[in-house]
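Reviewing the structure listed below.
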Amino acid sequence: MKRAKALRKMATCLFVAAFLAMISWMLYDILQRDSSISNDTNVLVMGTNATFKPFEYKDGGQVVGFDVELAQAIAKDMGKELKIEDMSFDGLLPALESGQIDMAVAGMSVTSEREKNALFSDPYYQASQRIIVPKNSKIANKYQLEHKKIAVQLGTTGDQAASKIKGAQVVQFPAAPNALQELAAGKVDAAVIDDAPAKQYVSGFPSLKIINTPLSSESYAIAFKKGNTELAEHANKTIANMKADGRYQALLQKYFGTAKEQAP
Ligand code: ARG
């Protein structure tokens, strides 16, 4: 009788110990996973959305572009290896927040709304939003966009600009080229996307044109998690050095064919 009781007690103890061991192992695993990227001191993780030529795009499965080279220079100056996470544009700021990425380098425009949730580097490129329409369209300015169907990339400043147009029906796509495809197929009246990608992608759609007057003026900067001033300072230093020693102008030359264009 006594022995049976003792045995039962021992079994309970063993069970509790095993249970506690399992819980702590699970916790350890979760904590490890959560910090596995950003806490690897040798790696700098850049998040982007590679549908934005010439800033970031895929070339033979590889993510390349102006932003990639900028990020590579920052990583090199810090003695780190650059890792790229290609994701949806509207997922970038949440990914910064959760620590999945260290910086978002994605032709991201500085806005006061985004500044509430992220820290921005010094601006590295001056951009604007442009209206794209079919060549035979009667639309010639933003006023004529009222009550029209407009294609945009989800979560971009183009999306915000289009949403402000009176009565406009905004159709959101995962990438700028999808928005242009929809426009070329005659399913929307116009598209609103950034000037440089517009120029690159519209050249592949002979039926489309870009309206000259810009819809906005914006600055691209690198976004970091709020409070990560150390990394922002590293990035600012690299950007400043690149401008001073000609590497920045060489990048403009490589991706835009002109060194003069758009240095803020
Ligand atoms: N400049 C715009 C913005 O900040 C669009 C950026 C889109 N970038 C991209 N990699 N797809 O909202």
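The values are calculated or read from the model by the stated rules, or taken from the named source; none is laboratory data. In this text the structure is predicted, and so the values were computed from the model without any measurement. Backbone-built Cβ (ideal geometry, glycine too); neighbour counts: all protein chains shown.
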Any idea which residue in segment 125-144 is nearest to residue 192 (Cα to Cα), counting only those that are crowded, with 18+ Cβ neighbours inside 10 Å and among the basic types (Lys, Arg)? 130
Quick count over segment 51-95, residues being within 15 Å of the chain's Cα centre (by Cα) and either at pLDDT below 95 or closer than 25 Å to residue 227 by Cβ (or both), is 15
Considering only residues that are out of contact with any Gly (no Cβ under 9 Å at 6 or more places or on another chain) and of a type in the set (Ser, Thr, Tyr), which ones fall in segment 210-251? 213, 217, 219, 229, 238, 248
How many of the residues making up segment 127-149 are in contact with a Ser or Thr (Cβ under 6 Å, 6 or more places away or on another chain) and within 16 Å of the ligand (Cβ to nearest atom)? 2
Anything in segment 48-75 that is of a type in the set (D, E, K, R) and either surrounded by fewer than 18 Cβ atoms within 10 Å (Cβ to Cβ) or part of a helix (DSSP H, G or I) (or both)? List them, or say none. 58, 59, 67, 69
Taking segment 56-83 and keeping only residues that are within 12 Å of the ligand (Cβ to nearest atom), free of Cβ contacts under 8 Å to residues at least 24 places away in the same chain and either closer than 16 Å to residue 101 by Cα or of a type in the set (A, V, I, L, M) (or both), one is left with 63
Within segment 182-199, how many residues turn out to be within 20 Å of residue 57 (Cα to Cα) and either near the ligand (Cβ under 10 Å from one of its atoms) or surrounded by 18 or more Cβ atoms within 10 Å (Cβ to Cβ) (or both)? 8
Residues that are closer than 30 Å to residue 189 by Cβ, touching a helix residue (DSSP H, G or I) at 6+ places or on another chain (Cβ under 7 Å) and buried (at least 17 other Cβ atoms within 10 Å of the Cβ): does segment 82-89 have at least one? yes
Hits in segment 105-126 - residues which are charged (D, E, K, R) and within 11 Å of the ligand (Cβ to nearest atom): 113, 114
Of all the residues that make up segment 248-264, how many are of a type outside the set (A, V, I, L, M, F, W, C), more than 20 Å from the chain's Cα centre (by Cα) and either at pLDDT 95 or above or assigned to a helix (DSSP H, G or I) (or both)? 4
